[in-house]
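Remarks on the structure that follows.
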Amino acid sequence: MNVIPEPGGELIRAGWIGTLVFTVTAVIATVDPDALGWPGIIVSLVLFAAGAIAMLMAFFAAVERSRTQTIAVGGLYFGAGSTPRIIRWHLLGATAIQLLVGMTTASIRPFTVVAFGTLVPIFGLGLMGLWTARHGQFPEREPDRKR
């Protein structure tokens, strides 16, 4: 049985794999930030950059769809009313774990390289936005009556 729903399963898998890799490197970096912090920095910055790129891709896809459909930011990046519950559970669940790990590890080791982990939830939000921009259901736009 496949527990990853389709379509967009690659985004869901990427979200969980990124969350797992981030969690492991963040915990290791928290043990000794000076000696073990570099993998955590690299993973955090790569996931942040990937999330920022995913957010931009989602934005541009949503702009294209907005010509015929009504798209709101909450519906795009949080899946409110546009995304099935199981998809939101996977993508926003991974984002919540990223947020929890990032904030917890940064609070244990404040003012160290571990703080870069607070950037990682952008990855989860970007994947959520990208999934929704590609596969979400939005209402059709009202016809423009001025023309």
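For the chain, the longest principal axis of the Cα atoms and the long axis of helix 9-31 meet at an angle of about 20 degrees. Listing PHE123, PHE59, PHE116 from fewest to most neighbouring C-beta atoms within 10 Å gives PHE59, PHE116, PHE123.
By the beta-carbon count within 10 Å of each Cβ, the least crowded to most crowded order of VAL24, VAL114, fewest first, is VAL24, VAL114.
The charge dipole of the chain, taken about its Cα centre with unit charges on the Cβ of Lys, Arg, Asp and Glu (plus for the first two, minus for the last two), comes to roughly 580 debye. Please report the relative contact order for the range 9-135, taking Cα pairs under 8 Å with a sequence separation of at least 6, and give it as a percent rounded to a whole number. About 41 percent, as a whole number. Note the angle between two axes, namely the Cα long axis of helix 33-65 and the longest principal axis of the Cα atoms of the chain, as a number of degrees from 0 to 90, rounded to the nearest 10. Long axis of 33-65 versus the principal axis of the chain: about 0 degrees.
By the beta-carbon count within 10 Å of each Cβ, the least crowded to most crowded order of HIS90, HIS135, fewest first, is HIS135, HIS90.
Per-residue 3J(HN,Hα) values for the range 88-104, derived from phi via the Karplus relation 6.51 cos²θ - 1.76 cosθ + 1.60 with θ = phi - 60°, read 4, 4, 5, 6, 6, x, 4, 5, 4, 5, 4, 5, 4, 5, x, 6, 5 Hz in sequence order (x marks Gly and Pro). Near the amide H of GLN69, within less than 5 Å, lie the amide hydrogens of ARG141, all on another chain or at least 5 residues away, with H placed in the peptide plane.
Computed log10 I(q)/I(0) for the chain at 0.15, 0.16 Å⁻¹: -0.73, -0.80, from the Debye equation with unit scatterers placed on every C-alpha and solvent omitted. Computed packing ranks the peptides 29-37, 67-75, 125-133 as 125-133, 29-37, 67-75, most packed first, by mean other Cβ atoms within 10 Å.
Readers should treat all values here as calculations from the given coordinates under stated rules, not as data from a laboratory. Computed from a predicted structure; not experimentally measured. Glycine also receives a Cβ, built like all others from the backbone with ideal geometry; neighbour counts cover every protein chain displayed.
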